[in-house]
Amino acid sequence: METDMVVGSALVIGTGCMPNCNFALINAHEGKPQYGHAGLTRKDHGVTGFTGFHNQRMVTDRDIPAGGEIFVNYGEAWFTTRGEQMATVPFEANFDLVDEFLVKFKNISLKYQTSENPDFTKDLWSIVEAEARVIPTRTGSALPLTFEDMQSAQTVGAAESRLPYSMRTVEWLNENGRCMDNIRPGNSTIRDAGRGAFASRFIPKGGLVAPGPVLHIPNKAAMNMYETNPLTGNRDTTEESGKQLILNYCFGHGKSTLLLCPYTSPSAYINHSRKPNARVVWADDTTKNHNADWLQEGVEFLKQQEAIGLSLNFVATRDIRPGEEVFIDYGREWEKAWKKYVKEWKPPVDSDDFAPATTLQKAVLQHDDLLIPLRTISEQEDEPYPQNLVFYCHTASFGTSEDMANEGLYLWGEDVWEYEWSEWNDWSGWEFDANNSARWTPKFPCKIIHRSEEAVFDDDGNNIGHRYSAILLTEDEVEENMWAEIIIPQNEKHVIHDIPRAAITVRDKMYSKNEFLHGSFRHAMMIPEDIFPKAWINL
């Protein structure tokens, strides 16, 4: 999404919301999502009601045994910006420091422990533990947790010594866990709904369809979006321009400012029906991170709670067969708003000249993407690409440090600069790991002026696409809705030859995706009246 907006962030609902971060045992990461609207086009009124980003998979970085907890990397900034509460969470470097310390500790132990002093090592370790507790630090928190762990850490490392503490037995999970794979996503049987949730196995009446821990948002006005004042650059809060898309995935109530947003997957795919086969209820008191006493407190109390503490359950109201789509009732208020939206919907004027970039190149570059020839600007005169697409050329930084200091402008001088792509880039990695290479190379908006007549093959005989020549767009050519990391001055012309297909990315112009359309449908689902606490009514 780095080229979709100037500044922004996204909430990824699903499995990615659930793992904790343990720098000692990071074992997974989020992959890139796929993008598409389940067969809907820009002319379909349903296309604005749900996100096109989907199927973002969590990928393991190491083997995870059954019962092993999944940990991802939040980044150190997540902890350093949260004050004293997170001030002693150990980072990866702290475990490295402990490993260095343990080498010295072992040397001292071997030198001084004797048959006359058999408890020397254990006593010395007790002193280390006591000293670490005097002034808590990140490195002190990275120490092995017990004497036995210290002995193990001398072989496997301080980080790996924490592994046994991250395990649950399968029996414990069967007794205390909640099943998340009772439903799976797929294209909904309701066309304009996009995607839906389908039973992956038989779910009896009263059975759990999906757990739904929720993020509580005390003031739904946080979902409002505003136009920017062109004079001040600040938001003009007198002119609301729309609401955040996440609102469609939250529960609300007409007489409360509170929103409850489930963040498990695939409960977010459950669609609306007046004849539902499931409903939401509060989780029982045994559910971890569900505080039933919060249901008696007001919204002002919830404002003070920074951590999650409420959880819903989606339960079957009748037997649901395998493969059957799951529905809940979003409520009369939601249905009224949807019917009004459908009645007033008019396709955008650019509907006939729009196609998401993923129709030309997948969100994560695949080998078959490399085989599709990209048209040059002369070929586009007869067969133009949709107006929302822009090409980005990846190339390593060039110029001097003085150039970089000049507000990001590369001032090579007024001239035409032509060079081979390989002069500035290492070819290794581009053929086989294009996505990783593209992470660190600047992206320049560019236009393709030439394509090699024949495709190129790598050393193993794999077709890796054509080579291209391109002109980098200058500051007068870069449109407001193009993302540019580095700006080329107007009086310079940079032509790069022999660019591999893997170094050219096709993206949507900023704010052109369906998610950004004005007049999009935005409305919270209505939480059932019979389970909404009276203490939360504040309107």
| field | Net dipole in debye of the chain [+1 Lys, Arg Cβ; -1 Asp, Glu Cβ; about Cα centre; nearest 20] | value | 3140
| task | For an R0 of 51 angstrom, estimate the FRET efficiency from the Cβ-Cβ distance between Asp476 and Asp192 and round to the nearest 0.05. | result | 0.75
| field | Relative intensity, log₁₀ I(q)/I(0), of the stretch 106-191 from a Debye sum that treats every alpha carbon as a point, q = 0.14, 0.20 Å⁻¹ | value | -0.69, -1.01
| query | Near the amide H of Asp319, under 5 Å away, which other amide H atoms are found, from residues 5 or more places off or on another chain, if H is placed in the peptide plane? | reply | Lys205
| message | Quick query: amide H of Asn538 versus all other amide H atoms, modeled in the peptide plane; which residues come in under 5 Å with a sequence gap of 5 or more or a different chain? | response | Ser256, Thr257
| Mean ellipticity per residue at 222 nm, deg cm²/dmol - from DSSP H runs of n ≥ 4 across the chain, formula -39500 (n - 2.57) | -5000 deg cm²/dmol
| Estimated distance in nm for a label pair at Lys343 and Asp181, the labels positioned 7 Å out from Cα along Cα-to-Cβ | 4.6
| query | Given a Förster radius of 45 Å and the C-beta distance between Asn219 and Ile372 as r, what FRET efficiency does 1/(1 + (r/R0)^6) yield to the nearest 0.05? | reply | 0.45
| Extension gain, Asn291 back to Asp236 (0.36 nm per residue minus Cα-Cα distance, nm) | 16.0 nm
| request: Would you mind checking Lys243/Lys509; Lys275/Lys362; Lys339/Lys534; Lys339/Lys362; Lys255/Lys340; Lys32/Lys255 for any pair whose Cα atoms are more than 27 angstrom apart? | output: Lys275/Lys362; Lys339/Lys534; Lys339/Lys362; Lys32/Lys255
| remark: Charge dipole of the chain built from unit charges on the beta carbon (Lys, Arg +1; Asp, Glu -1), centred at mean Cα; most positive-end Cα among Pro266, Tyr35, Gly254 is Gly254
| field | Pair Val59, Cys17: separation of 7 Å Cα→Cβ label points (nm) | value | 2.4
| Label-zone membership for the stretch 188-210, site Lys275, 7 angstrom Cα→C-beta point, backbone N under 15 Å | 189-190
| query | For the chain, which cysteines have no disulfide-compatible partner, meaning no other cysteine Cβ under 4.7 Å? | reply | Cys17, Cys21, Cys179
| Can you work out the FRET efficiency for the pair Asn462 and Lys32, with r the C-beta to C-beta distance and R0 = 30 Å, to the nearest 0.05? | 0.85
| query | How much length is gained on full extension from Ala455 to Lys534, taking 0.36 nm per residue of separation minus their Cα-Cα distance? | reply | 21.7 nm
| Which residues does a label at Arg133 reach in the stretch 145-176, if reach means a backbone N under 17 Å from a point 7 Å past the Cα toward the Cβ? | 145-150
| Relative contact order, percent, the stretch 15-166 [alpha-carbon distance under 8 Å, six or more residues apart] | 26
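Computed from the coordinates by the stated procedures, all read-outs in this text should not be read as laboratory data. Predicted model, so just to flag it, every value in this text is computed and none were measured. Glycine also receives a Cβ, built like all others from the backbone with ideal geometry; neighbour counts cover every protein chain displayed.
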